[in-house]
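Quick notes on the structure that follows.
The values are calculated or read from the model by the stated rules, or taken from the named source; none is laboratory data. These numbers were taken from a predicted model, which means no experiment stands behind them. Neighbour counts are summed over all protein chains in view; Cβ atoms, including those assigned to glycine, are modelled from backbone coordinates with ideal geometry. Ligands, DNA and RNA are stripped out before the accessible areas are found, and what is left, the full protein with its side chains, is counted by its heavy atoms. Shrake-Rupley method; radii C 1.70, N 1.55, O 1.52, S 1.80 Å.
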Amino acid sequence: MTEDTSLTLSAQDCLVALMIAVSASDEDIRTTELIKIQTAVNILPIFLDYDNDRISTVSQMVFDLFEQEDGLDALFGLIKGALPDRLNETAYALACDVAAADGKLEEAELRLLEEIRYELELDRLHAAAIERGARARHVT
């Protein structure tokens, strides 16, 4: 399948893409992570006018990019071009929630979260607070 380079992402698509990327980063997409993504899209105000059918399109784009050598860089290029700065912390919070959803953080997830922090230029203290909140919400 060829990559559709004409795909234009909305801000919501970017948030979904990052959540999918975190879930897929350890090559084991868990049901709890998928439920977390679907729940976020269903209840959060940022997704109020989002077309749920876009989730599968965005997911396929992420999977296709992950198969390419520089796919992660391409993904971040798309996201940084379409995600308003005001949503960077929201994006990171959603990514952290997906990573924490199954109760354990794999090394690949941690590396991707670190890359997201860097690419979205998040302040380390703000990122730590977001991470702490995710951990508190998902403790068993």
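A few comments on the model shown:
- Using only alpha carbons, segment 15-140 has a radius of gyration to Kirkwood radius ratio (Rg to Rh) of 0.92.
- Stretchable slack from Arg54 to Arg132, in nm (0.36 nm times residue separation minus alpha-carbon distance): 25.1 nm
- For a paramagnetic label modelled on Ala108 (point 7 Å from Cα along Cα→Cβ), amide N atoms under 15 Å away belong, within segment 59-98, to 62-69, 71-72.
- Rounded tilt (10° steps) of 11-24 against the dominant C-alpha axis of the chain: 70
- Take the chain with all the other protein chains still there, run a 1.4 Å probe, and you get 56 Å² of accessible area per residue.
- Label-point gap, in nm, between Arg30 and Leu125 - each point 7 angstrom along Cα→Cβ: 3.2
- In the context of the full protein assembly, Arg30 retains an accessible surface of approximately 50 Å², using a probe radius of 1.4 Å and ignoring ligands and nucleic acids.
- Candidates Lys36, Lys104, Lys80, ranked by Gaussian network fluctuation over the chain, Cα under 10 Å, top entry: Lys104
- Here each label is just a point 7 Å from Cα along the line to Cβ, and for Glu89 and Glu69 those points are 3.9 nm apart.
- Helix 124-137 vs. the chain, principal-axis angle (Cα, 0 to 90°, nearest 10): 70
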